Structure formats: C-alpha cells, structure tokens
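Have a look at the structure below before the remarks.
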Amino acid sequence: MVWKLGATASPTTPALTQLSVVGDPVYTGGSHFGGQHDARILADGTLSLYDNGSGLGRPPRGARYAIDETTGTATLQDAVSDPQIPRSFCCGSARRLSASDWVIGWGGNGTGTESVNGLRGFAITYASQWFVYRFVPILPGTLDPAELRAAMDIQFGGGGLSAAEARGSDEPIPNLP
C-alpha cells in the first residue's frame, strides 16, 4: 500500500501512509467518508470516488481529489451531488466524463444520473427493490446495438443470440472504458 485516504492511523497502516483531506467542506470537524465506492485514478492523476454519506446525515456525492504524496494531502477539486437524492444507504458509483460532467449511480435508492455542468441532464430510476451499484457510461461508438441486445437477452433470459453470434465473430468483446 502506498497511501490511505482519510481515516486514522492503525498498526497495519502507519501514519506515513495517511493522506489528509484538504479543502473539502464535508470532511471537517472529525467527519469522514460514509461508505466510499468506485475509487479510481483518472488520466490526469486525480482520484475520483463515490461517497454515500451514509450514517453522517448528509447526501451522497461524487468527488475528485488531487493527490500529493509529497505533502501527504488529497485536495478536493470538485464534487457533485443531486438535490433529488438526499441519501443513499449503500453502494454506488461515480464516473467523471469531462471537466464538469459526471455519471453517478446513487446506490441504494435505485437512481442513476448524468450531471452536465453541475445540473441533472439525464436520470433513470429503477423499481424500489433495485440498487444501482455501478452506473457506467457507454460512450457513442463503443458498443454495437446488436451486442447490447444480445447481452440483455442473455442477462435477462431472453434466449437470444450470444454477443459473438450477433456480431458474427468469436472474438471477445473489447473492454469498455
């Protein structure tokens, strides 16, 4: 392990591996992440994550931090929440698309949204018993409609063609971003 974001030092993670959170208004006064998920290092070296805010009396959000291993800090660069999503007790995902756009799966409440310039651009809410553990963007040109139909048929028992049969190829489907 190179570093640990937030939390406290422990015998298995000495203080040298701790990154202090800087410039994050919800991470002050002893507060902390409330069920973080989907942490990933982006191409620009920043770290994005989904923070449920669960058990902390605050809404969930997607957040992005600049990591400075020399100073031991993680500085908040931007964060996005949705006023229509007041809480999420579990799971979720946050994927940053561009300078200000995000796709977020809001976890236990069954909603996934696209945020464009900080405003809700698209939303889908599933039936109440469904969670949105991962809400992953599929950018134009990365997936053939026949592959999508075939995969959904397989996933939901439609008995259709396999994705390889739909494409007319036995080659594996390439990894999506």
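Since every read-out is calculated from the coordinates, none of them should be taken as a lab result. Keep in mind the model is a prediction, meaning the values are calculated, not measured. Cβ coordinates were reconstructed from backbone atoms using ideal geometry, including for glycine residues, and neighbour counts include every protein chain displayed.
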Quick one: Cα convex hull volume of the stretch 34-128, Å³ per residue?
91
Under 10 Å, Cβ to Cβ, from ASP82 - net charge with Lys/Arg +1 and Asp/Glu -1
+2
Mean Cβ-within-10 Å packing, highest first, puts peptides 142-150, 123-131 in the order 142-150, 123-131
